[in-house]
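What follows is calculated from the coordinates using simple rules that are stated; it is not laboratory data. Quick caveat, the model's predicted, so the values are computed rather than measured. Note that we place each Cβ from the backbone using ideal geometry, even for glycine, and neighbour counts take in every protein chain shown.
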Amino acid sequence: MYKHAGAGWNIRPFETADAGPCLSIFRDSLKDMPWRMRNRGQYMILRRALGPRNAWVAEEPDAGIVGFLSLQPPQDYVDHLFVDRDWRFCGVARGLLEVARQQATGPLSLDVDAENLGARRAYEAMGWQVVASASATGKARQMRLVSP
Ligand SMILES: CC(C)(COP(=O)(O)OP(=O)(O)OC[C@H]1O[C@@H](n2cnc3c(N)ncnc32)[C@H](O)[C@@H]1OP(=O)(O)O)[C@@H](O)C(=O)NCCC(=O)NCCS
């Protein structure tokens, strides 16, 4: 459904067998987010979010799953976007967001942790706008962003 000609990965809908690799990427990414470590419910939330109609994975023939995104319809809210650390800066997040945008009825939105400077810079590079500051979202230390 989406192929990156140069990097060799493609994006397809999530399948049940992808849950393990997605969970591994999620768990590894959280190592860089000590502020989220105590949030045990986030694993259950991730499992519930991963389904064939509202989640997509980026897959590379040798490496396997290198990233995933889940989308909450009908709000077109991106509740997970995680890329394997070895595959960052290769356009995987941009590709996943492009696929999600094609499925959505309007601009995408998401909440990013204020401490997550890398993700904030990535969204800024992709033209996302801050529409609510950390305090205004009602969620501690998160900012609401919308896609171009
Ligand atoms: C944030 C994240 C999803 C970005 O994924 P990615 O596949 O590396 O992003 P892309 O390669 O598609 O990059 C898209 C743009 O963002 C830029 N970018 C990506 N990460 C960046 C960073 N840490 N700092 C600055 N710019 C960054 C890229 O350079 C690119 O811009 P360009 O096209 O102008 O060169 C990835 O770093 C990640 O999984 N982080 C951990 C989990 C996380 O924080 N998820 C977001 C939760 S809201």
In whole angstrom, note down how far apart the Cα centers of region 9-23 and region 43-88 are. 7
Could you give the length gained by full extension between Glu15 and Gln72, i.e. 0.36 nm per residue of separation minus their alpha carbon distance, to one decimal place? 18.8 nm
Rounded to the nearest 20 debye, what is the charge dipole size of the chain about its Cα centre when +1 sits on each Lys and Arg Cβ and -1 on each Asp and Glu Cβ? 460
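Calculate, for Tyr43 and Arg94, the FRET efficiency according to 1/(1 + (r/R0)^6) with r their C-beta to C-beta distance and R0 25 Å; round to the nearest 0.05.
Values: r = 26 Å, r/R0 = 1.05.
Efficiency, rounded to the nearest 0.05: 0.45.
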Percent of Cα-Cα pairs per 10 Å bin, from 0 to the last occupied bin, for the chain, please list those. 11, 43, 39, 7, 0
Positive dipole terminus of region 2-106, leading residue within Gly51, Val66, Ala93 (C-beta point charges): Gly51
Which angle from 0 to 90°, rounded to the nearest 10, does the C-alpha axis of helix 92-103 make with the longest principal axis of the chain? 80
